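Novice: Take a look at the following structure, please.
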Amino acid sequence: MKRIDVTKVNRADLVDVKDVSINRFLNQERQINDFVSQIKNPYCYKYGDFIVKIGFENTEVTLTDRLKELVLKTANSV
């Protein structure tokens, strides 16, 4: 998933993150699982007209840590 080439990706295959909703009544682990199941590819998705590809540096921070941050920010922005 993270090796996707944004210049060759089919835009129609990507999910718009604006269409993802976070159920605040779920615990954090289930929120993350629900987010990933909705977004399909957490490394590459749409934000309106833009294609977003994310990556991470070689650090101690895990994808789960970053997804927790994203889920919390998304939930708090509603």
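No lab work stands behind these numbers, since they all come straight from the coordinates. Every value quoted in this text rests on a predicted model; they were computed, and no experiment measured them. Here Cβ is always computed from backbone atoms with ideal geometry, including for glycine, and neighbour counts include all displayed protein chains.
Novice: Highest mean first, how do 7-19, 30-42 rank when packing is the count of other Cβ atoms within 10 Å averaged over residues? Show your work: numbers first, answer last.
Specialist: Values: 7-19: 11.5, 30-42: 15.9.
So the peptides 7-19, 30-42, ranked by packing, come out 30-42, 7-19.
Novice: If each Cα of the chain is one equal point scatterer, what is log10 of I(q)/I(0) from the Debye formula at q = 0.11, 0.12, 0.15, 0.18 Å⁻¹?
Specialist: Relative scattering, expressed as log10 I(q)/I(0), comes to -0.29, -0.34, -0.53, -0.76.
Novice: Still on this structure, please answer the following. For the chain, build the charge dipole from Cβ charges (+1 Lys, Arg; -1 Asp, Glu) around the Cα centre, then report which of Asn41, Val61, Asn27 sits farthest towards its positive end.
Specialist: Looking along the dipole axis, the top candidate is Asn41.
Novice: In the range 44-76, whose amide N lies under 13 Å from the spot 7 Å out along Cα-to-Cβ of Asp19? List them in ranges.
Specialist: The answer is 45-49, whose backbone nitrogens lie closer than 13 Å to the label point.
Novice: For Val6, put the label point 7 Å out on the Cα→Cβ axis and report which residues of the range 45-78 keep their amide N under 13 Å from it.
Specialist: Flagged as within label range: 45-56.
Novice: Dipole magnitude of the chain about its Cα centre, charges +1 at Lys/Arg Cβ and -1 at Asp/Glu Cβ only, in debye to the nearest 20?
Specialist: With only Lys, Arg, Asp and Glu charged at Cβ, the dipole is about 140 debye.
Novice: What number comes out for the charge environment of Asp19, summing +1 per Lys or Arg and -1 per Asp or Glu over other residues with Cβ under 12 Å away?
Specialist: Working: positive: Lys18, Lys40, Lys46; negative: Asp16.
Local charge sum for Asp19: +2.
Novice: Here is a further query. By the scheme Lys and Arg +1, Asp and Glu -1, what is the net charge of all other residues having a beta-carbon under 14 Å from that of Asn76?
Specialist: Local net charge: +2.
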